[in-house]
Amino acid sequence: MEQVNVINRTMELSECASEWFFDEKYRCWCLEDVLYTEKATTPKFQRLSIFVPEPYMTKGGEINQQGTMNGYSAETVPVIFENNSAGYMQMPHVWLEGPRCYAQQYLERGFVYVSCGNRGRETRDADGRLCGKAPVNLVDLKTAIRFLRHNRAVLPGNFDRMISVGWSAGGAMSTLLAVTGNSADYLPLLEANGAFPDERDDVFAAQIYCPIIDLEHADSAYEWMFAADHENEDSPAGPSGVMTPFQEALSAALQKRYISYFNDLKLVDPQTKEVLFVGTDGRSGSGYDYLMRRLEDSATDYLRRLQSGMLDEKYSPAEYLAGEYEYQKEVPMGGPEKKDVADLLRGHAGPGVMPGKAEGDRAQGNTEAGQEKPSLGDLVSRPPKGVPFKGMKPPMMTVKGSEKSAWLSWDGERAHIRGLDTYVLQHRRRMKPCTSFDTLGMDSGENEVFGTNEQPFMHFNKEISEAVLELKDQFPEEFERYYASFAQVKDDAELKERIALLNPLNYIGTEKKTDAAEHYRIRVGACDADTSLSVSMTLALKLAQAGKDTDYALVWDKPHCEADYPGEVCDWIDRICK
Ligand code: DHB
């Protein structure tokens, strides 16, 4: 049985004063490997670590009321709560210098920093039973926030100024934490999870990177954005492939559904107050234009920064447009030996959401508990003391930039992009097949998220069953193969509820009673193809429409990652907290 280090015997951190230690390099006090619920089923992933900049603490875990940094004191300093969720999987809390650790910039700015782990779609308890299906990931994080608040008297930091941070599935979690604060919907689950019933789980603000949300509309959104591209790359989501005639028809049917869904949202341009809609061709209308303007804003921002020498990249806008530059990117999947044949426009640059192809194996029932390949969460967990961490930096390669005049131009003031289809075909091609989230083989990460403890993988998108039904006469064989299992989704009330608990859009501008955060900052890589760019745009527009302070931008040429320019998230936190 694997040894899991836990420093607290009880839920009272007052008993752990002697466990705080000082990190010389980061100049901070650390309290690591804290279990945040007494009812932990899988302690390895239900722990957190707290890092406190030097001025707010003295030896022995004592709060220093006099210490100040960047204008904050132990009483006023914001608390960053970064979840490490990835792929909706079980993930550990991070350690300084460990993989996926983003603590440094926050600590240097004087913020208290908490890294939190959570269970996920593949988690099993000590008896080998599944126990991390939706919305457990979120419930764990809410439990951790309540635990921190319960201990606030012995922790430096203003726990009314908690800033949630996360990317991808973690961006989804960050969004959900912010919009569902103190919602009664989660109370029975929180109670069963050992959360403090009288503590709050709301946050003050959320930094959201590349959120993978609105999962039940993500398939149709994907077909809308990537409609022009009928090939997908080799990625953690599955092998490369070319659409079959059935998939082409399905893609078109889903795109159509997305256009109606988007138009029914009646989103409004925050500046002009114009209602945003997408034309029936999918490539016209104010909603389409709005996304294209955001892409152009992103390119404009990048080219202006290039022009003024603000970036590490030292080439000029003209050189960038002409492709006369080189950059580093992850080696496309398949490994370095494939790099000569790989299409360099492609290559998923995300976190490697599932090493190997364990997912497909599990969906097919090919592996037993205990025999599975290690999960990403296991691979990025801290090894026991004395055992060195091998690291898992993805291999990088130097790539020559591409010539961009066919689709991108720059008049010295503003960038212009010819259209979404050319952007997709020339710059960021399709990563996932059709269907992309609720897959035909029922073997995606999301299928596992919405499984139950008894049935590990399940369908969850009823739009797909409707589209398959529409195509019955044209594709009778595929109808036979897929319809019945997708159609089950429609009548499953329990599943419907779990889907609803995991979709932040249900909690924004609706009747639901929550203590939602006031401030939101959304950043998404303009080269993120893990989900449609319209998904995060919709989130931003819904938040703005609900009167929330929303700062939304695409970050040019960044893939699926913590897409940002250095220091800007901390500037934002200073702005909203000072
Ligand atoms: C993540 C990436 C995905 O493509 C996805 O479907 C879900 C989660 C992630 O990186 O967390």
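I'd like the antiparallel share, as a percent to the nearest 5, of DSSP beta bridges with both residues in segment 40-181.
Working: 10 of 20 bridges.
Counting only bridges with both partners in segment 40-181, antiparallel ones make up about 50 percent.
How far is the Cα center of segment 489-562 from the Cα center of segment 153-223, in Å?
Computed from Cα coordinates, the inter-centre distance equals 11 Å.
Taking the Cα centre of the chain as the origin, how large is its charge dipole in debye, to the nearest 20, when only Lys and Arg (+1) and Asp and Glu (-1) carry charge on their Cβ atoms?
800
Collect residues whose amide H, placed 1.01 Å from N in the peptide plane, falls under 5 Å from the amide H of Thr435; neighbours closer than 5 in sequence don't count.
For Thr435, the qualifying residues are Leu440.
Need the C-alpha centroid separation for segment 239-271 versus segment 95-124, integer Å.
Distance between centres, Cα-based: 35 Å.
Would you kindly derive the ³J(HN,Hα) couplings of segment 163-174 from the backbone phi angles with the Karplus curve 6.51 cos²θ - 1.76 cosθ + 1.60 (θ = phi - 60°), listing them in order in whole Hz, with x for Gly and Pro?
10, 7, 9, x, 10, 6, 4, x, x, 5, 5, 4
In this model, which of Lys329/Lys400; Lys25/Lys142; Lys329/Lys558; Lys44/Lys393; Lys133/Lys393; Lys25/Lys59 are farther than 19 Å apart at the alpha-carbon?
Violating the 19 Å limit, Cα to Cα: Lys25/Lys142; Lys44/Lys393; Lys133/Lys393.
Toward the positive end of the charge dipole of segment 44-134, about the Cα centre and with charges on Cβ (Lys, Arg +1; Asp, Glu -1), which of Gly87, Leu107, Gln46 goes farthest?
Going by the charge dipole, the pick is Gly87.
What are the extents of the Cα atoms of the chain along their three principal axes, listed from largest to smallest and rounded to whole Å?
On the principal axes, the chain reaches 69, 57, 52 Å in Cα extent.
Each residue of segment 478-493 in turn: what ³J(HN,Hα) in whole Hz from Karplus with 6.51, -1.76, 1.60 and θ = phi - 60°, glycine and Pro shown as x?
With coefficients 6.51, -1.76 and 1.60, one gets 5, 4, 4, 6, 10, 4, 4, 6, 5, 5, 4, 4, 4, 9, 9, 5 Hz.
Of Ala484, Leu379, Pro78, which is farthest on the positive side of the dipole of the chain, counting Cα position, with +1 on Lys and Arg Cβ, -1 on Asp and Glu Cβ, and the Cα centre as origin?
So the residue we want is Pro78.
For segment 434-539, with the dipole built from +1 on Lys and Arg beta-carbon atoms and -1 on Asp and Glu ones, taken about the Cα centre, which of Thr531, Thr510, Cys434 lies farthest toward the positive end?
Working it through, the farthest residue towards the positive pole turns out to be Thr510.
Explain nothing, just the number: dipole magnitude of segment 180-321 about its Cα centre with +1 on each Lys and Arg Cβ and -1 on each Asp and Glu Cβ, in debye rounded to the nearest 20.
Dipole size: approximately 540 debye.
If amide H atoms are built 1.01 Å from N in the plane of the peptide, which residues on other chains or at least 5 residues away come under 5 Å of the amide H of Arg161?
Val79
Please list, in chain and number order, the residues 5+ apart from Val268 or on another chain whose amide H is under 5 Å from its amide H, with Hs placed from the backbone.
Residues meeting the amide H criterion: Leu276.
Give a residue-ordered list of calculated ³J(HN,Hα) values for segment 264-280 (Karplus: 6.51 cos²θ - 1.76 cosθ + 1.60, θ = phi - 60°; whole Hz; x for Gly, Pro).
5, 5, 6, 6, 10, 5, x, 7, 8, 6, 6, 6, 9, 9, 10, x, 5
Bear in mind these aren't lab numbers, they're just calculated from the coordinates by the rules spelled out. These numbers come from a predicted model, not from an experiment. All Cβ positions, even for glycine, are placed from backbone atoms using ideal geometry, and neighbour counts span all protein chains on display.
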